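Data block below; observations after.
The values are calculated or read from the model by the stated rules, or taken from the named source; none is laboratory data. Everything numeric here is computed off the predicted structure, so don't read it as measured data. Cβ placement follows ideal geometry from the backbone for every residue including glycine, while neighbour counts extend to all protein chains displayed.
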Amino acid sequence: MRPSRPRVAIVGYGTAGQACAILLSRDGWGVDVFEQSETTGPVGAGFLLQPVGLQVLWDMGLLDAALAHGRRIERLHGETSRGRAVMDMRYAQLDPRLFGLGMQRGALFALLDRAWSGVGAIRLGHRIVAISEDGRHVRDGEGRSHGPYDLVVAADGSASRLRAVVGRARLDAPYPWGALWCLVPEGRWPHRTELRQRYRAARRMIGMLPVGTRPDDEVPRISFFWSQRRDDHARWLADGMEAWRGEVASLWPEIAEHLAGIVDPGQLARAGYRDAVLDDWRRGRLVLVGDAAHAMSPQLGQGVNMALLDAFVLRAALRTHARIDDALAAYQRERQRHVRVYQFWSRWLTPLFQSDRDVVARLRDLAFLPLGRLPGSRGQMLHVLGGTRLGAFGRLRLSSAFLDGLGLRTRLG
Ligand SMILES: Cc1cc2nc3c(=O)[nH]c(=O)nc-3n(C[C@H](O)[C@H](O)[C@H](O)COP(=O)(O)OP(=O)(O)OC[C@H]3O[C@@H](n4cnc5c(N)ncnc54)[C@H](O)[C@@H]3O)c2cc1C
């Protein structure tokens with residue numbers, strides 16, 4: 001049973017760890033956060049928050065602060081390097097009140113950081129490497145033991161070390177493709193409410209996602225994404241920036257001015273992704289959240305949203321069930337139902353956009369747009385995009401109060 005002031009150790013201070021820290025603190029848990037980095041802060045450029053993620057922020061009372069910095073995204077548009085449309089989806093086709101939100105990683109990080117009153121209690125430079133047999137203590141890389149805790153939340157990301165403590169993964173492998181990404185000034189970019197992508201077969205993919213501002217920087221920016229095979233990075237470096245610029249300009253001349261400030265390869269962060277599928281997300285008092293539980297390719301733009309939902313559902317389960325074991329079982333059941341279909345689709349869709357398979361890319365160019373226009377499949381695709389697909393045919397319902405709130409904010413502009 002739960003003590004009157006239960007204690008939780010949260011391992012990792014990314015989105016999943018931050019959201020758990022806020023929500024569990026608000027419910028009276030004593031929270032200790034362990035973060036391996038010496039400083040807190042996000043890595044990478046920007047991301048797209050989907051309606052499901054926005055609903056969690058709304059429930060946390062943070063939606064307006066997110067909207068104040070992010071860019072409202074109404075449309076996803078992908079085309080070939082010759083300008084032929086491959087994908088064209090609008091959230092409003094699902095519900096006129098819906099939209100996505102492009103955000104800088106730094107903006108969401110700062111928002112969540114400010115919302116947690118216990119920030120001073122983060123133990124930086126603490127890499128957690130093991131959990132005690134009874135699951136109540138965590139051990140850091142220097143051999144120090146911390147605890148006891150009533151619950152240990154592993155939010156240590158896609159390369160999670162604690163995943164292996166829970167059990168054998170059904171699948172845990174890196175993708176052969178990754179990306180280079182960075183923030184560039186928005187300037188006079190004409191597509192401020194759209195995620196725009198350009199493809200040459202599946203070998204090249206460029207993304208331009210407007211992500212607005214962040215608290216310490218008022219310049220609106222775009223998250224620039226350049227797909228790259230992981231084993232092609234050394235060649236890319238050796239060829240030099242001029243060769244790369246030439247290639248970008250031949251694929252998408254309109255973006256060249258936005259990339260003018262990128263003069264050094266070090267300005268582009270390198271991202272790799274993993275696929276991790278586990279039958280169990282918990283063992284004793286240890287539970288996985290975020291990418292630690294379900295790493296996947298970012299092709300469907302869902303990871304941050306899933307991390308927020310994990311924290312939300314975990315908190316709800318801990319409220320409902322007196323026994324922590326029952327709460328963790330309920331959390332796993334509910335979240336796996338939602339996540340599995342996204343893991344499935346991201347695994348199947350990624351090679352359509354990041355691979356050497358030219359025939360597959362040609363089929364994508366022929367089939368994607370017509371499919372997205374058929375009334376039945378358009379709704380299915382939009383639900384996958386918005387994060388509301390549940391199982392093969394079900395739907396995760398968004399609260400009507402949240403939808404009305406979004407609609408009101410849309411009308412107010
Ligand atoms: C190129 C790219 C584009 C993406 N685009 C989108 C998008 O548009 N929309 C979207 O929703 N998602 C997107 N994602 C996915 C999203 O970034 C991740 O799913 C999300 O950040 C996962 O959050 P997390 O908190 O689980 O993990 P992380 O953010 O990785 O946080 C893990 C934290 O744990 C710490 N840590 C790790 N190991 C230890 C340890 N042993 N001890 C202590 N601390 C530790 C790390 O330092 C880190 O701070 C994208 C990802 C990539 C790579």
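Which pairs have Cβ atoms under 8 Å, sit 6 or more apart or on different chains, and link a residue in segment 247-275 that is free of Cβ contacts under 8 Å to residues at least 24 places away in the same chain and within 19 Å of ARG203 (Cβ to Cβ) to one that is of a type in the set (A, V, I, L, M, F, W, C) and assigned to a helix (DSSP H, G or I)?
Once the first residue is free of Cβ contacts under 8 Å to residues at least 24 places away in the same chain and within 19 Å of ARG203 (Cβ to Cβ) and sits in segment 247-275, its partners that are of a type in the set (A, V, I, L, M, F, W, C) and assigned to a helix (DSSP H, G or I) give ALA249/ALA256.
Go over the candidates GLY83, GLY100 one by one and state the one that is surrounded by fewer than 22 Cβ atoms within 10 Å (Cβ to Cβ), under 17 Å from GLY207 (Cβ atoms) and either out of contact with any Asp or Glu (no Cβ under 8 Å at 6 or more places or on another chain) or not hydrophobic (A, V, I, L, M, F, W, C) (or both). It would help to see each step written out before you state the result.
Values: GLY100 fails: surrounded by fewer than 22 Cβ atoms within 10 Å (Cβ to Cβ).
Result of the check over GLY83, GLY100: GLY83.
Given the criteria within 11 Å of the ligand (Cβ to nearest atom), part of a strand (DSSP E or B) and not hydrophobic (A, V, I, L, M, F, W, C), does TYR199 qualify? Walk me through how you get there before you give the answer.
Values: within 11 Å of the ligand (Cβ to nearest atom): no; part of a strand (DSSP E or B): yes; not hydrophobic (A, V, I, L, M, F, W, C): yes.
Taking the combined requirement at face value, the residue does not satisfy it.
Find the residue count for segment 178-219, including only residues that are more than 16 Å from GLY46 (Cβ to Cβ) and either polar (S, T, N, Q) or in contact with an Asp or Glu (Cβ under 9 Å, 6 or more places away or on another chain) (or both).
8
Would you please name the residue that is nearest to the chain's Cα centre (by Cα), looking only at residues in segment 253-274 that are of a type in the set (A, V, I, L, M, F, W, C) and in a loop (DSSP other than H, G, I, E, B)? Steps first, answer last, please.
Initially, segment 253-274 is screened for residues of a type in the set (A, V, I, L, M, F, W, C), giving 255-256, 259-260, 262-263, 268-269, 271.
Still in the running and in a loop (DSSP other than H, G, I, E, B): 260, 262-263, 268.
Numbers: ALA260: 28, ILE262: 25, VAL263: 28, LEU268: 19 Å.
So the residue we want is LEU268.
For segment 46-75, name all the residues that are within 13 Å of the ligand (Cβ to nearest atom) and not in a helix (DSSP H, G or I).
If the condition is that a residue be within 13 Å of the ligand (Cβ to nearest atom) and not in a helix (DSSP H, G or I), then GLY46, PHE47, LEU48, LEU49, GLN50, GLY70, ARG71, ILE73 are the ones that fit.
Which count do you get for residues in segment 169-207 that are in contact with a Gly (Cβ under 8 Å, 6 or more places away or on another chain) and aromatic (Phe, Trp, Tyr)?
Selection size over segment 169-207: 3.
Among the listed residues LEU363, LEU382, LEU309, identify the single one that is under 23 Å from the mean Cα position of the chain (by Cα) and either closer than 16 Å to LEU94 by Cα or surrounded by fewer than 17 Cβ atoms within 10 Å (Cβ to Cβ) (or both).
Working: LEU363 fails: under 23 Å from the mean Cα position of the chain (by Cα); LEU309 fails: either closer than 16 Å to LEU94 by Cα or surrounded by fewer than 17 Cβ atoms within 10 Å (Cβ to Cβ) (or both).
Only one candidate qualifies: LEU382.
Limited to segment 366-379, what total is found for residues that are surrounded by fewer than 12 Cβ atoms within 10 Å (Cβ to Cβ) and either in contact with a Pro (Cβ under 7 Å, 6 or more places away or on another chain) or of a type in the set (Gly, Ala, Ser) (or both)?
1
Looking at (1) within 18 Å of the chain's Cα centre (by Cα); (2) more than 9 Å from the ligand (Cβ to nearest atom); (3) surrounded by fewer than 19 Cβ atoms within 10 Å (Cβ to Cβ), which one does GLY41 not meet, given that it meets all the others?
(2)
Consider segment 1-38. How many of its residues are crowded, with 22+ Cβ neighbours inside 10 Å and small (Gly, Ala, Ser)?
7
Can you tell me which residues in segment 206-231 are in a helix (DSSP H, G or I) and loosely packed, with under 14 Cβ neighbours inside 10 Å? Even if it seems obvious, please write down each step before you answer.
Here is the first cut: in segment 206-231, the ones in a helix (DSSP H, G or I) are 230-231.
Correct list: ASP231 only.
For segment 278-299, which positions are in contact (Cβ under 8 Å) with a residue 60 or more places away in the chain, more than 8 Å from the ligand (Cβ to nearest atom) and within 12 Å of the chain's Cα centre (by Cα)?
Correct list: SER297 only.
Considering (1) part of a helix (DSSP H, G or I); (2) small (Gly, Ala, Ser); (3) within 23 Å of ALA201 (Cα to Cα), say which one SER355 fails and leave the rest.
(1)
Applying the selection to segment 301-333, what residues are among the basic types (Lys, Arg), over 22 Å from VAL384 (Cβ atoms) and assigned to a helix (DSSP H, G or I)? Walk me through it before giving the result.
Initial filter on segment 301-333 (among the basic types (Lys, Arg)): 315, 319, 323, 333.
Applying the additional criterion that residues be over 22 Å from VAL384 (Cβ atoms) yields 315, 319, 323.
Those that are among the basic types (Lys, Arg), over 22 Å from VAL384 (Cβ atoms) and assigned to a helix (DSSP H, G or I): ARG315, ARG319.
Tell me yes or no: at least one residue of segment 24-36 is assigned to a loop (DSSP other than H, G, I, E, B) and either within 15 Å of the ligand (Cβ to nearest atom) or of a type in the set (A, V, I, L, M, F, W, C) (or both).
Filtering segment 24-36 down to residues assigned to a loop (DSSP other than H, G, I, E, B) leaves 27-29, 36.
Cutting the leftovers down to either within 15 Å of the ligand (Cβ to nearest atom) or of a type in the set (A, V, I, L, M, F, W, C) (or both) gives us 29, 36.
Checked against the condition, which is being assigned to a loop (DSSP other than H, G, I, E, B) and either within 15 Å of the ligand (Cβ to nearest atom) or of a type in the set (A, V, I, L, M, F, W, C) (or both), segment 24-36 yields at least one hit.
Of the conditions (1) of a type in the set (A, V, I, L, M); (2) at pLDDT below 95; (3) under 20 Å from the mean Cα position of the chain (by Cα), VAL119 satisfies every one except a single condition; which number is it?
It fails just one condition, (3).
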